[in-house]
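The values are calculated or read from the model by the stated rules, or taken from the named source; none is laboratory data. Just so it is clear, the model here is predicted, and its values are computed rather than measured. For neighbour counting, all protein chains shown are included, and Cβ atoms are generated from backbone atoms with ideal geometry for every residue, glycine included.
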Amino acid sequence: MLLSCNNEKNKTKDYKEIDSSYSDTADFKTAYSNSVFCIPSPQLTNMYFKHLGIYPDRTLVNSLTNTEKYTTSTKKAINLGIFGVDLGYMNMFTVSESTNDYIAAISQLSNDIGLGLIFTREVYDKVMSLKSNQDSLAQYLSMLFAKTDLYLKNNSQEQISAFVITGGWIESFYLLCSIYSQTRNKDILPFLYQQKFVLDNIIKNLSPYYKKTQEMESLINDLVEIAYEFDILDFRYSYEQPFFTINSGVMVFKNSCIINGSESGLSNLFKKIDDLRFKITS
């Protein structure tokens, strides 16, 4: 699912997990403040790149040398989401020589924030076994994200779950913007525009934690600034439901998008996500 979901029939006062099936594009479905909203797997962005035949620029991924800088549970959870996206991105077409190191970093961060029961040795071995099967790896990583989300919510750790999901979205959106800046491939624009709605749900997912820490408040404020930049852009979007179909294993995208007038507004959007991504990975 690529658009936000609002369902007044499913009302709740507190967070709870809404039934979800784990697939290669597994959504995170959450209820809060009398509304239901959905956040798609960040691995979908990597699948989109592969569909367009865009090979990964491995200079864009978060450096493993940054790992030692993450000393708080918030930073560790956010960057766990980031490294998960990077692992799928680097291995879209061929096996990256850094794959083993990124898997090890994900394992370490998972254990540091209490996810040892999720990222077990069995899971580690499974990820290692799939590193040369790019499509299966992307699907498994999506399932692992969804399983982590469910585990954390079932164990009253919704806040950590929100951070992992947010980190995954920030990295996937950063890669999307960076690659559009490099290629100016117009086929990227519809998917980029869809992120406006995903971002709205990311902010809703984080909103209960706004005043809990200065770090959390700053993160949400930065995301809101990015949302403002989306609002300024003059998109002309041709929408058809569903956004894409899968025929014989091939993703077929139906929608189109153009930006009227100057694309200078995109530069502001790209700078905002660059600045935020630098802040949370440094």
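Observations, loosely collected:
- In the stretch 47-87, the residue that is nearest to Tyr140 (Cα to Cα) out of those that are of a type in the set (Asp, Glu) and touching a residue at least 24 places away in the same chain (Cβ under 8 Å) is Asp86.
- Looking only at the stretch 114-130, and only at residues there that are surrounded by fewer than 19 Cβ atoms within 10 Å (Cβ to Cβ) and assigned to a loop (DSSP other than H, G, I, E, B), the one that is modelled with the highest pLDDT: Gly114
- Those residues of the stretch 55-83 which are over 20 Å from Asp274 (Cβ atoms) and within 17 Å of the chain's Cα centre (by Cα), in sequence order: Thr74, Lys76, Ala77, Leu80
- Search result, residues across the stretch 136-160 that are in a helix (DSSP H, G or I) and without any contact (Cβ under 8 Å) to a residue 60 or more places away in the chain: Ser136, Leu137, Tyr140, Thr148, Tyr151, Leu152, Gln159
- Hey, Asn133 over 28 Å from Tyr180 (Cα atoms) and surrounded by fewer than 16 Cβ atoms within 10 Å (Cβ to Cβ) or not: no
- Among residues of the stretch 181-195, those that are surrounded by fewer than 19 Cβ atoms within 10 Å (Cβ to Cβ) and touching a residue at least 24 places away in the same chain (Cβ under 8 Å), counted: 6
- Scanning the stretch 64-75 for residues that are in a loop (DSSP other than H, G, I, E, B) and touching a helix residue (DSSP H, G or I) at 6+ places or on another chain (Cβ under 8 Å) turns up Tyr70, Thr72.
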